[in-house]
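For reference, the structure discussed in these notes is given below.
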Amino acid sequence: MKDIIHQHLSEAGATLERFMGNPDNIASIENAAGILAGAIKNGGKIISCGNGGSMCDSMHFAEELTGRFKHDRPALPAVSISDPSHITCVGNDFGFDEVFSRFVEGMGSAGDALLAISTSGNSRNVIRAAEVALEKGMKVVALTGKTGGLLAKLADAEVRVDGGKYSDRVQEVHVKVVHILVELIEQEVLG
């Protein structure tokens, strides 16, 4: 058991070190935060989405903005596409590929931003959400892994994590990026 524990912690540390060691990643986070904060500063909102653990990150991101992060402050406009009734209704009526895009179609507006999270960058429902967001005049920020997939080509800003063979290392850095984005958005919007 100890070997497995040490292996996981070592891999997580190495992934984070690699990520931090690339100055392009720091610039990508800064760019992403600027886009997301800009949507709020201009009277818009942020919609976030992802599947599985990425949905959890999407929800965590939105609740940190509407609730609070480290300090009390006014709520900031963000929503995660995670309502089970919406997801099952759209999944049943239109197919799983449309569960996020239908929400963006109904709730997104020009000037809003979409935070699209996919460890592969190839989740079809996340890609469809990005496509609809762009059609509506929204900005797209993507958190990806591996090669960035098709989602990378649609994003106005992409933060890509090289996590190796499995998605768990990518997700571990994604949650760190989510926390950084929240703090930078707070700073940019509220001062």
### Message
Which residue is nearest to Lys41 (Cα to Cα), if the candidates are limited to segment 141-164 and must be surrounded by fewer than 24 Cβ atoms within 10 Å (Cβ to Cβ) and among the aliphatic types (A, V, I, L, M)?
### Response
Ala157
### Message
Where the second residue is crowded, with 24+ Cβ neighbours inside 10 Å and polar (S, T, N, Q) and the first is at positive phi and in contact (Cβ under 8 Å) with a residue 12 or more places away in the chain and lies in segment 121-141, which pairs have Cβ atoms under 8 Å and are six or more apart or on separate chains?
### Response
Gly121/Thr144
### Task
Please find, within segment 3-30, the residue that is surrounded by the fewest Cβ atoms within 10 Å (Cβ to Cβ) out of those that are over 19 Å from Ile180 (Cβ atoms) and of a type in the set (Gly, Ala, Ser).
Ser10
### Residue in segment 165-177 that is modelled with the highest pLDDT, counting only those that are surrounded by fewer than 19 Cβ atoms within 10 Å (Cβ to Cβ) and more than 13 Å from Gly13 (Cβ to Cβ)
Val175
### Task
Residue by residue through segment 178-188, note down the ones that are crowded, with 18+ Cβ neighbours inside 10 Å and over 12 Å from the mean Cα position of the chain (by Cα).
Ile185, Glu186
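Yes/no matrix, rows are residues, columns are (1) touching a residue at least 40 places away in the same chain (Cβ under 8 Å); (2) farther than 21 Å from Asp24 by Cβ; (3) not basic (Lys, Arg):
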{"position": "Leu115", "(1), (2), (3)": "yes, no, yes"}
{"position": "Gly145", "(1), (2), (3)": "no, no, yes"}
{"position": "Leu151", "(1), (2), (3)": "no, no, yes"}
{"position": "Leu154", "(1), (2), (3)": "no, no, yes"}
{"position": "Arg169", "(1), (2), (3)": "yes, no, no"}
{"position": "Val175", "(1), (2), (3)": "yes, no, yes"}
{"position": "Ile180", "(1), (2), (3)": "yes, no, yes"}
{"position": "Glu186", "(1), (2), (3)": "yes, yes, yes"}
{"position": "Leu190", "(1), (2), (3)": "yes, yes, yes"}
### Query
Val159 versus (1) within 27 Å of Thr66 (Cα to Cα); (2) at pLDDT 95 or above; (3) over 11 Å from the mean Cα position of the chain (by Cα): which is the lone unmet condition?
(3)
### Query
Here are some residues: Asp112, Asp83. Which one is more than 25 Å from Gly163 (Cα to Cα), acidic (Asp, Glu) and surrounded by 16 or more Cβ atoms within 10 Å (Cβ to Cβ)?
Asp112
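The values are calculated or read from the model by the stated rules, or taken from the named source; none is laboratory data. Only a predicted model underlies this, so the values are computations on that prediction, with no experimental measurement involved. Glycine also receives a Cβ, built like all others from the backbone with ideal geometry; neighbour counts cover every protein chain displayed.
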